[in-house]
Structure formats: structure tokens, C-alpha cells
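Just dropping this structure here.
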Amino acid sequence: MSKVNPIPDGLEGIIAHLVVDDCAKALEFYKKAFGAEEICRMPAPDGRLMHAEIKIGSTMVFLADDFPEYCGGKARNPNALGASPITLTQYVRDCDAAIDRAAKAGATVTMPAADMFWGDRYGTLSDPFGHSWAFCTHLKDMTPEEMGKAAEAAFSGAGCDH
């Protein structure tokens, strides 16, 4: 008998596990919006998905339909809760293109991409299932001192157009 790897290959590190309302629809959205590759889905007898896996870039993401009946009758998806306190962030070669692709697929841009004081181009969106996403493209390396000065200027209003 071969020894089982306690940490399966490709599943190292932290894996986001998203609870959504209509997991099958979410899988299709993530494929279209983020180029996700579907790895698997495990349906429950009633058709909801108990578990699904996608890969976005080199990162695995787990998903599941909401099962309030197993959580004290309480829904846990962000749309039912009214918000998500978590933002899923991905560095990409072109954050403007990534945000545009997601918006065309049905996401809502919550902050258009802009050059940020910490040296990245950065923007955020909300997907139709209530999850928050950020896309960044690193533009320049900065020392902690440079970043501190840039933050001071950004928060003092320097450089604002108004």
C-alpha cells in the first residue's frame, strides 16, 4: 500500500472556500469572468452542489451551495448576509483587462483600476454572488520609506484633482 500524501499536490497553502447561492451558476460565471478551470463538482441528492473546485491561475478555490438547514437555519452566502468582509485578491499582468472581463461577465466594478501609492495598479469589483475581488498589477518596487511618504501624500489630499 502506498503512503498517502497528507497535503494533496496543488492544495498547499490557504484555499478560499466560497459559499454561494446557486453554485452551478457561480461556476459558469467564474469561468467566464476570471478564466477559471472547473476541476470537479459533487452534487447533493437535491441537485445543489456540496462541493466544487476551480482553479484560477495557479490557485485553487473551493465552492459550495448554501445549506442553511445544516447551519442552524441561517444562510451563509454574502447576498443573504448583505455583504462579504473578505476580498479575494489576484495579481495579474493587466488589472484593467481583468476588471473589464469580469464586468462584461456581470460583475459590478466597485473601484475602477487606478495607480496606487504602494506601487500597484489596483481595482475592485463585486461578483453577482456577493463576493469581493481585487485585481492588481505591480508597477514599481518601493522601499518602506518611499511607501510611507507616498501614503502620507495620498491621505493628506496631495495630488487630488479637486
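The values are calculated or read from the model by the stated rules, or taken from the named source; none is laboratory data. All of these numbers come straight from a predicted model, not from anything done at the bench. Reconstructed Cβ throughout: ideal geometry from the backbone, glycine too, with neighbour counts over all protein chains shown.
For Gly159, indicate whether it is at pLDDT below 95 and more than 20 Å from Glu28 (Cβ to Cβ).
yes
Then there is this: Does at least one position in region 29-45 carry a residue that is of a type outside the set (A, V, I, L, M) and farther than 30 Å from Cys95 by Cβ?
For region 29-45, residues of a type outside the set (A, V, I, L, M) and farther than 30 Å from Cys95 by Cβ: present.
Moving to a separate point now. Please work out which residue is farthest from Phe29 (Cα to Cα), limiting yourself to region 90-113 and to residues that are more than 13 Å from the chain's Cα centre (by Cα) and small (Gly, Ala, Ser).
If we take residues in region 90-113 being more than 13 Å from the chain's Cα centre (by Cα) and small (Gly, Ala, Ser), then Ala113 is farthest from Phe29 (Cα to Cα).
For residues that are in a loop (DSSP other than H, G, I, E, B) and surrounded by 15 or more Cβ atoms within 10 Å (Cβ to Cβ), scanning just region 80-97, find the one that is modelled with the lowest pLDDT.
Ser84
How many of the residues in region 68-96 are of a type in the set (Phe, Trp, Tyr) and free of Cβ contacts under 8 Å to residues at least 12 places away in the same chain?
Residues that pass the stated criteria total 1.
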